[in-house]
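Q: My structure is below; once you've seen it, I'll send some questions.
The values are calculated or read from the model by the stated rules, or taken from the named source; none is laboratory data. Fair warning: this is a prediction, and the values are worked out from it, not measured in the lab. So basically every Cβ, Gly included, is an ideal-geometry build from the backbone, and we count neighbours across all protein chains shown. Only protein heavy atoms, including side chains, enter the accessible area calculation; ligands, DNA and RNA are left aside. Shrake-Rupley method; radii C 1.70, N 1.55, O 1.52, S 1.80 Å.
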Amino acid sequence: MTTAATPSFTSQPDAGGHFGPYGGMFVPEILVHPLQELTRAYLKVREDEGFQKELADLLNEYVGRPTSLYYAKRMSEALGGAKIYLKREDLCHTGAHKINNSLGQVLLARRMGKTRIIAETGAGQHGVATATVSAMFGLECVVYMGEVDMKRQALNVYRMRRLGAKVVGVTAGQKTLKEAISEAMRDWVTNIENTHYIIGSALGAHPYPMMVRDFQSVIGKEARRQILEREGKLPDHLVACVGGGSNAIGLFYPFLGDEGVKMTGVEAGGLGSGLGEHAARFNGGSLGILQGTKTYVLQDAEGQISLTHSVSAGLDYAAVGPEHAWLKDLGRVEYTSVEDQVAVDALSELSRLEGILPALETAHAVAHAMQIAPKMGKDQIVIINCSGRGDKDVQELAAWEARQAGKKESEL
Ligand SMILES: *Cc1c(COP(=O)(O)O)cnc(C)c1O
């Protein structure tokens, strides 16, 4: 197994932002120039030592990086196979990995002279992270959120407002994330002069998938260094949940060149395999274009975007980041899905065994790791990306339990 620091395999997009046949810039004419400008500005700061130093300092002092790589001893012993480590992104300020990206983008926006920040949010974690870094820099912040999500995630709406952000409810369509993104796009088109749009996952038009990946790659860079220090060798298997795909690509990217390291992305299997019951784009999706990028999309035969379902709002979206689509085609990363109940059970296991209550999104990765670890040797290593903490989900969990109990009673 190689421990070389320079990967022999990377997945850089071409100049137009294509990862193989995926990605690109499928936007209204009026956004092409601003996206090109953003790409140029980003490529410049990527090479700028001053920018990278400012980002690194804030990641350390404000976000609380490096996050720990924790050996989950009791869980490893309970499963009886591979050693399980958790990359603790749940310990980041605001409780998830999202802030790594929000912070990077807000610094870029400042360099570009933008004074106003907008964002979309589904579960609210990205909205909270963006409201947080906007407050820290004294920038105006507007967050678009579907009204259904606002009800489901009332706590995060309150947090954003406390942080000084304006939360705008979106009432179109399903009133969830997809409509919130469309509304944020409309705002951006109108206010492009002074406004930067912070997209919260490795999605959307070029340069977002590349830029978000780069900002989240701090996760994998740290994990790689930490496991080498701790175990003197690379891990055998990385596991992460995949919504848009930012925490997963952030962990995977620095290991792509390490041939011996297997990787699995875990999508939301929801309630079952029927269209509309899940958000597993790689298990029922097909090539399509959604919100600026070409990728695997859940859609019907006429190309209408289908409804999706997951117990975890953060995985509940009809498209997956284009780089993941490419990594799947290349066979470098495997993708699977985990159903709602299995994820909820994994959340309980991790909480009980390790005293760590993960986010419902994260629980999908935990569930898959629990399936593979027992079949692995005791000298083998699995790293799970613990993308966020579950405090935001306790209400949703309680509602889930109540529904399950109701179901069982009626089945008697
Ligand atoms: C948003 C979120 C996700 C899903 O988004 P990715 O871009 O796929 O990482 C996963 N876990 C947590 C805790 C989140 O907040």
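Q: Before we move on, is residue 348 of a type in the set (Ser, Thr, Tyr) and surrounded by fewer than 24 Cβ atoms within 10 Å (Cβ to Cβ)?
A: Against the criterion (of a type in the set (Ser, Thr, Tyr) and surrounded by fewer than 24 Cβ atoms within 10 Å (Cβ to Cβ)), residue 348 qualifies.
Q: Tally the residues that are over 15 Å from residue 200 (Cβ atoms) and in a helix (DSSP H, G or I), restricting the search to the range 299-324.
A: Here the count works out to 3.
Q: Continuing with this model, one more query. Only one of these conditions is not met by residue 232: (1) more than 27 Å from residue 380 (Cα to Cα); (2) open to solvent by 10 Å² or more (accessible area, probe 1.4 Å). Which number is it?
A: Condition not satisfied by residue 232: (1).
Q: From the list 249, 192, which one is touching a Leu at 6+ places or on another chain (Cβ under 9 Å) and within 10 Å of the ligand (Cβ to nearest atom)?
A: None of the other options fit; the residue is 249.
Q: Give me the residue from the range 288-327 that is without any contact (Cβ under 8 Å) to a residue 60 or more places away in the chain and more than 16 Å from the ligand (Cβ to nearest atom) and, out of that set, surrounded by the fewest Cβ atoms within 10 Å (Cβ to Cβ).
A: 302
Q: Please find, among 184, 180, 202, the residue that is touching a Gly at 6+ places or on another chain (Cβ under 9 Å), of a type in the set (A, V, I, L, M), at pLDDT 95 or above and farther than 16 Å from residue 103 by Cα.
A: Of the residues listed, the single one that is touching a Gly at 6+ places or on another chain (Cβ under 9 Å), of a type in the set (A, V, I, L, M), at pLDDT 95 or above and farther than 16 Å from residue 103 by Cα is 180.
Q: Also: Residue under question is residue 65, and the condition is that it be closer than 23 Å to residue 204 by Cβ and of a type in the set (Lys, Arg); does it hold?
A: No.
Q: List the number of the failed condition for residue 281; all other conditions in (1) touching a Gly at 6+ places or on another chain (Cβ under 7 Å); (2) open to solvent by less than 50 Å² (accessible area, probe 1.4 Å); (3) assigned to a loop (DSSP other than H, G, I, E, B) hold.
A: (1)
Results for (1) open to solvent by 10 Å² or more (accessible area, probe 1.4 Å); (2) within 9 Å of the ligand (Cβ to nearest atom); (3) over 15 Å from residue 328 (Cβ atoms), shown as yes or no for each residue.
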{"site": "255", "(1), (2), (3)": "no, no, yes"}
{"site": "266", "(1), (2), (3)": "no, no, no"}
{"site": "269", "(1), (2), (3)": "no, no, yes"}
{"site": "275", "(1), (2), (3)": "yes, no, yes"}
